[in-house]
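Read the structure below first, then the notes.
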Amino acid sequence: MLLAEILQRRFAAHPAGDARDELPDFWLPESQILPALAYLRQEREPAMRLLFDLTAREEETASGSQLCLIYHLHSLQPGDWLRLRVSLTGEKAPSCCAIYPAANWYEREIYDLFGIVFTRHPDLRRILLSPDWEGHPLRKAEPLRATERPPLRFERGCLQEQLAVYNPEDAPGEGEMLLNVGPHHPGTHGILRYRLRLRGERVVSVDPDIGYHHRGVEKIAEGHSYHNFIPYTDRVDYLGGVLGEWPYLRAVETLADIRVPERAEGIRTLLAEICRIESHLVWLGSYGNDLGTMGPAFYAFRDRSLLLDLIEDFTGGRLHPQFFRIGGVAEDLPEDWQEKLRPVLDRVEAGLRDTQALSIDNDIFRARTRGIGQVSTAMAERWGATSIVLRSTGSAWDLRKTEPYGFYPQLQFAVPTASDGDAWSRTALHLEEIHESITILRQLLRMMPSGPVLARDAAEALMPKDRTLQDIETLIHHFEQMAAEFGPPAGVALGLGESARGMLGYFVCSDGGPRPQRLRVRTGSFPHVQMITELGQGLAIPDFIASIGSLDYVLADLDR
């Protein structure tokens, strides 16, 4: 029996009519959400093993505003996605942590930002905002700008030095001690605090304290036009460059039914792989520093600067290119782009030999990473891990290969995997992925298609600059776009991309207006850091630092 029939007959589901992507999409009665999730995770074949994302949305109805939950599930089989939506009669919902452990942090985030209370949740408290924050920012009644709110004042008990003090119920047991790692610790790769309970040198439990980098990017999106939000996507994962722009644009282009020209897809793929390499190089250099070796940083950052020079030359930007546009890219590549790219690829490839010699081939590095921070396939699926973390357990899941987009269907490349799931394997996979990205870029040197770089037949696509200078109709249309006079048709769409840190998803909800009614960012760092609550147990303190660093998370990607 087809999944749609099972959902409709057994769980009284009915299809959603506003999905503009290709995902099966169903509304469920509130009473059926846990039975349906249990069936999908435990009975269905293949099982929906991955809770890819869980978020909420507030909609206006004839009777007032209504909250709904949105679940995105995946079986890790090509194309096997499912979206479930549940309209809530009030502001409570049942927790699904017993079925999908990864729901823990997602439900805490929904509680924090929407005020939905999840019954039987094991640890329901704010996760991104201060404990004394008043209100729930993603509700529509909440203002868009800080200037529209009263001045923010913190009570003395919520200052950072007080947050580090444990309550009496958190007191360590006999033979235990409490240790704060961070928020100012080089091993946390930014402002992030791990509250460790120790017995001797071993970690008994880990409680990550996140949110220090939270900027409210999903709320910001509701106040910007679809075009003007593009620069914010670069700053979610500030090391990923255009890798953060692409999934957002894919979602908007799906809503607007825009076909991107082939050359634009080729340029997007080219820039994405350059950004992937430079992001991996940052991690390789930084991770070596975590383990006490400075050597990899010198080689990695030297070669990364060459790639940043290329990005700046091709796009005008450097760390944040903001080069992609709805319907394509801002402009064509410079005429001599091939002559500039070839020698850089040769130099980066040569430099990798030095980086490898100082990392995975080094005896001390091996001793610090072999068998350390081991992640099993079951653990990765349990917490929603993707990208290198998942591939280090033997799963060859890579969105570019299994559900190809852009120019990837025309390219030949391998998906490196490992079987040990440890810190050494994740380091080796970063190096191997750089080699594969170089292979992709060399193919693009030969195969880059010709043609336009921006769709010209869609109202939502940005008007080419040269045309705005030639005729008044195009100039008026461009002005209306910039003044946010219209947007894509009403509906919802999920845009996906394989970023350097995990599968990145933008879920965009349009009501037909000039701004997103709701925009959700699902990042790779969020589930990976949540997984540390299990991964960190039993580790020695030095191995804890080696393990968390090997997950390659970025703090803004975590907190958004």
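The values are calculated or read from the model by the stated rules, or taken from the named source; none is laboratory data. What you see is a predicted model, and the numbers here were worked out from it, not measured in a lab. No Cβ is skipped: glycine too gets one built from the backbone with ideal geometry, and neighbour counts run over all protein chains shown.
Here are some notes:
- Single residue of ILE127, ILE110 found to be out of contact with any strand residue (DSSP E or B) (no Cβ under 8 Å at 6 or more places or on another chain), more than 30 Å from PRO409 (Cα to Cα) and surrounded by 20 or more Cβ atoms within 10 Å (Cβ to Cβ): ILE127
- For ARG149, the conditions (1) charged (D, E, K, R); (2) within 27 Å of ARG41 (Cβ to Cβ); (3) surrounded by 12 or more Cβ atoms within 10 Å (Cβ to Cβ) are fulfilled apart from (2).
- Counting only helices (runs of 4 or more DSSP H) that sit wholly inside segment 358-403, those with at least 3 residues that are under 21 Å from the mean Cα position of the chain (by Cα) and assigned by TED's automatic domain parsing to the domain that holds HIS430 are 377-383, 387-391, 399-402.
- Considered as a group, the residues in segment 293-317 that are in a loop (DSSP other than H, G, I, E, B) and in contact with a helix residue (DSSP H, G or I) (Cβ under 8 Å, 6 or more places away or on another chain) include one that is nearest to ILE274 (Cα to Cα), and that residue is GLY317.
- Qualifying position, being modelled with pLDDT of 95 or more and among the β-branched types (Val, Ile, Thr), among THR61, THR89, THR55: THR55
- Residue list for segment 385-426, restricted to those being aromatic (Phe, Trp, Tyr) and either surrounded by 20 or more Cβ atoms within 10 Å (Cβ to Cβ) or under 18 Å from LEU504 (Cα atoms) (or both): TRP397, TYR405, PHE407, TYR408, TRP424
- Of all residues in segment 340-367 being touching a Pro at 6+ places or on another chain (Cβ under 7 Å) and not small (Gly, Ala, Ser), the one that is farthest from LEU307 (Cα to Cα): LEU358
- Selection within segment 233-249: residues that are among the hydrophobic types (A, V, I, L, M, F, W, C) and not in a loop (DSSP other than H, G, I, E, B). The member of this set that is surrounded by the most Cβ atoms within 10 Å (Cβ to Cβ) is VAL242.
- Given (1) modelled with pLDDT of 90 or more; (2) in contact with a Gly (Cβ under 8 Å, 6 or more places away or on another chain); (3) over 25 Å from PRO334 (Cβ atoms), index of the condition GLY295 fails: (1)
- Residues being buried (at least 22 other Cβ atoms within 10 Å of the Cβ) and out of contact with any Phe, Trp or Tyr (no Cβ under 7 Å at 6 or more places or on another chain) - total across segment 40-51: 3
- Test result for ARG263, surrounded by fewer than 19 Cβ atoms within 10 Å (Cβ to Cβ) and in the same structural domain as ASP552 (by TED's automatic domain parsing): no
- Checking LEU67, LEU37 one by one, the residue that is in contact with a helix residue (DSSP H, G or I) (Cβ under 7 Å, 6 or more places away or on another chain), crowded, with 16+ Cβ neighbours inside 10 Å and of a type outside the set (Lys, Arg) is LEU67 and no other.
- Among the residues of segment 42-58, the ones that are over 20 Å from ALA221 (Cβ atoms) and either acidic (Asp, Glu) or not assigned by TED's automatic domain parsing to the domain that holds GLY90 (or both) come to 2 in all.
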